[in-house]
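Here the structure comes first, spelled out in C-alpha cells, and everything after it is commentary.
A short reminder: the numbers here are calculations on the coordinates, not readings from a lab. If you're wondering where the values come from, they're calculated on a predicted model, not measured in any experiment. Quick reminder, even Gly has a Cβ in these numbers, built from the backbone with ideal geometry, and neighbours come from all protein chains shown.
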Amino acid sequence: MTSYTFDYGPKVVGGLGASDDLAPHVPEGPLLFVTDANLRALGLVERPLASLRERHDVAVFYDVQEDPSEASVLAALDLAREVGAAGVVGFGGGSPMDVAKAVAYLHGSGDDIADIYGVGFAEGRGVPLLLIPTTAGTGSEATPISILTVGETEKKGIVSPALYADTALLDATLTTGLPRHVTAATGIDAMVHAIEAFTSRHRKNPMSDALAREALRLLAANIRAVCDTPDDLSARDAMLRGSYLAGVAFANAPVAGVHALAYPLGGHFHVPHGLSNALMLPQVLAHNMSEARDLYAELAVEVDPRLASLGTQARAQGLVEALRQIAADIGLSPKLVDVGVSAHDLDLLADEAMKQERLLVNNPVPITRADARRMYEAAL
C-alpha cells in the first residue's frame, strides 16, 4: 500500500434551513459578503443577509462574473480593507466562493495575488471564511482552490490549504430557486469531479476513492429528479452532499483532462463551467479508456447498478453511455457549435488547453496538442 495524506477540509454544518442563522459561524465585527447579481435578482441573498445584519455590519460585493476575474478579487479585497472585515462570507456557486476564498486569504495574509498563483505558494493565514453553496455542483466550498481569469482569457489557479474555509454550510433549500439549466450543468460538474478524482494519476488514495464513489452514487441517483422536480428537497439534499463529497475527493486527488479542455471554453467563449465539462466528458473518457478501463468499470455500477453483471469492457463503455444519457435527459446534449465554437477555433482551443499543465499531468493518459484538437473536433 502506497502511503498517502488526506485533508478533510472545512467543518460542515448541514440541514434544511441551516442558512437562517449564520451568526454562530462568523466572527465578531464587520463582514464582507461576496455573491453575484443573479442571486440578488433571484432573491436568494435576502434571508442570509438579514440574519447577518441583525448582529453585524455587512458590506456586500455583487460584482462577480460567471468566470470570476482577478479584477473582481482585487475590487472585493479593496472593499474588505475599507470596512475592516473581520471575516468573509462566500454565497453562491463556484464563482462567488472562489472570489471569497482568494479575498479572505489576501485580506488576512497581506500577500500580493501575483505571488500565489500555482500550487502551494499561499503560505500565510487568511481571515475566517464561511462558504455557502447555492448550487449542487462546483464543490468549491470543500476545496482549497480558487480559479480566476487573468487578463482577457487566461485561467489561473491558486491552490493551497490556506484557502480552505473554516466552515461550509450546506442548506439544500438554497438550491431550489435556480433555473433548470444551472441545476443540470452544475450537477454534471460535480459528477466530473468524482470521476476525475477516482482516476487521477496523482494523489489518488483509498479515502478519496471512497468519497468519489459515494459522491457519484448520490449524484447519478438524484440528478434527474432535481431537474424534473425542482422542489424535491430530499433529492436536492442528496445532490448537495454528493457535490460536497466530490469536492473533498478532488481537493485530495486533483481533476485532470476534462477540466483542462473545459477551461478554454469558459475563458474564450464564456461557456458555463459545468456545461463545458459536459461537452468534453465523453471525448476525454474515450481518450483515457486504454488506461482507465478498470476504474471506469468500477464507477459504472455507481451510475447504473444494472451494469454490474457485465464484463469489464462492457461496464466501462456502459459508464460512457450512461453519462451521455443522463446529459441528454437533463437537457445538456449540445455540441460545441451550439455554444458558438466553429472549426476555425480548434487550433486556438488546443493551444489554450496545453497551458493547463497543472491539470494535464493528472490525466490517466497523456494529452498532446494533437489529442486536444482531435477531441475538440469530435465535440463539434
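Structure notes:
- Applying a DSSP loop filter and a limit of 15 other Cβ atoms within 10 Å to the trypsin sites (Lys or Arg not before Pro) in region 265-364 leaves Lys335.
- Percentage, to the nearest whole number, of Cα pairs in region 174-222 over 17 Å apart: 40 percent
- Between 0 and 90°, nearest 10: helix 206-228 axis offset from the chain longest Cα axis: 90 degrees
- Gain upon complete extension [Arg47, Glu321; 0.36 nm per residue less C-alpha separation]: 94.5 nm
- Scattering curve values for region 179-379, log₁₀ I(q)/I(0), Debye with Cα scatterers, q = 0.11, 0.14, 0.19 Å⁻¹: -0.45, -0.75, -1.39
- Computed over the chain: relative contact order in percent, which uses C-alpha pairs under 8 Å that are six or more apart: 15 percent
- For the chain, calculated [θ]222 nm from helices alone, where every DSSP H run of n ≥ 4 adds -39500 (n - 2.57): -16500 deg cm²/dmol
- Mean shadow area of region 48-96, taken as a quarter of the surface of its Cα convex hull (nm²): 3.5 nm²
- Cα extents of region 11-174 along the three principal axes, largest first (Å): 38, 29, 26
- Rg/Rh for the chain, where both radii come from Cα atoms and Rh is the Kirkwood radius: 0.95
- Compactness of region 295-380 - radius of gyration and Dmax, Cα, Å: 15.7, 44
- Cleavage-rule hits, GluC sites (Glu not before Pro), region 131-193, DSSP coil, Cβ neighbours within 10 Å at most 14: Glu152
- Restriction of the GluC sites (Glu not before Pro) in region 16-64 to DSSP coil positions whose beta-carbon has at most 11 other beta-carbons within 10 angstrom yields Glu28, Glu54.
- Residues within the reach of a label modelled at His270 (point 7 angstrom out along Cα to beta-carbon, backbone nitrogen below 20 Å), restricted to region 30-48, are 35-42.
- Note on region 331-380: along the principal axes its Cα atoms extend 29, 25, 15 Å, ordered by decreasing extent.
- Against the main long axis of the alpha-carbon atoms of the chain, helix 94-109 sits at an angle near 50°.
- Most to least packed among 190-197, 121-128 [average Cβ atoms within 10 Å]: 190-197, 121-128
- Degrees, to the nearest 10: 70-83 long Cα axis against longest axis of the chain: 20 degrees
- Distance violations [Cα-Cα > 20 Å] among Lys101/Lys155; Lys204/Lys355; Lys11/Lys101; Lys155/Lys355; Lys11/Lys204: Lys204/Lys355; Lys11/Lys204
- Placing unit charges on each Cβ (+1 for Lys and Arg, -1 for Asp and Glu) gives the chain a dipole about its Cα centre, and among Ala197, Leu261, Ala59 the Cα reaching farthest toward its positive end belongs to Ala197.
- Remark: the chain carries a charge dipole of roughly 860 debye about the Cα centre, counting +1 on each Lys and Arg Cβ and -1 on each Asp and Glu Cβ.
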